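**Student:** Would you mind keeping the following structure in view while I ask a few things?
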Amino acid sequence: MACLSGTFAASISQQTPVPQPTPDRLAIPVLPPNPSQADLGLQVYYYHCMPCHGDKGQGLTDEWRKVWVEDHQNCWARGCHAGRQGDEGFPLPGYIPGVHDLSRFSNPQDLFIYLKTTHPPQKPGTLKEDEYRHVTAFLLQQADRLTNGEMMGKSTSPRDSLSGIFSLLAITGATLILSLALIFQRRKP
């Protein structure tokens, strides 16, 4: 047994460690061939949330800011997000939290509404409805509150699309009939 242990220890000491590539924390996420709603949400997160909330959802920590090029590491410097005259960006609060604790949202719809009414902070509500749904799904999946493949929000089945088209046509038709009735009502002597 001692011989086997000695041989095993010698073989381990002779192995050279293989360097592992350091992942680029700022790399654009690549979508799989058939992306889920959460996969699409990762891209929304990358473009709209990650600069402030971090690549791993950790928030605007000192460690996360050091990933950026040196002249972008002080978010509150003059010309950046300090809120001074001539700054390029909108003012940032001194603390930006991580996004992993979603316990204050009792259901996915509450998180969706919160994001839509407060984010992005410089122009809340400016993302497309689907983008808010995608990023909501991504955040819920990261917090283990949404399983792979589970959808957040409205269904996009063809049947639902047709139903929406027929509803729109019915509303348009009713509006047209009402408008014509008002026109004819005014023409009567």
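Read-outs: derived from the displayed coordinates by stated rules, not from any lab. Computed from a prediction, not measured in an experiment: that's the story for all the values here. Positions of Cβ are generated from backbone atoms using ideal geometry, with glycine treated the same way; all protein chains shown enter the neighbour counts.
**Student:** What is the fewest-to-most order of F90, F112, F138 by other Cβ atoms lying within 10 Å of their Cβ?
**Tutor:** The fewest-first ordering by Cβ neighbours comes to F90, F112, F138.
**Student:** To the nearest 0.05, what FRET efficiency results for Q109 and Y47 with a Förster distance of 22 Å applied to their C-beta separation?
**Tutor:** Once the sixth-power term is evaluated, E becomes 0.40.
**Student:** Which net charge results for the neighbourhood of W76, defined as the other residues with beta-carbon distances under 11 angstrom from its beta-carbon, given Lys and Arg at +1 and Asp and Glu at -1?
**Tutor:** +2
**Student:** Then there's this: Subtracting the Cα-Cα distance from 0.36 nm times the residue separation, let me have the gained length for A77 to H100 in nm, one decimal.
**Tutor:** Value of the extension gain: 5.5 nm.
**Student:** When I28, I96, I113 are ordered from fewest to most other Cβ atoms inside 10 Å of their Cβ, what list results?
**Tutor:** Result, fewest neighbours first: I28, I113, I96.
**Student:** For each of M151, M50, count neighbouring Cβ atoms within 10 Å of the residue's Cβ, then give the residues from fewest to most.
**Tutor:** The order, fewest Cβ neighbours first, is M151, M50.
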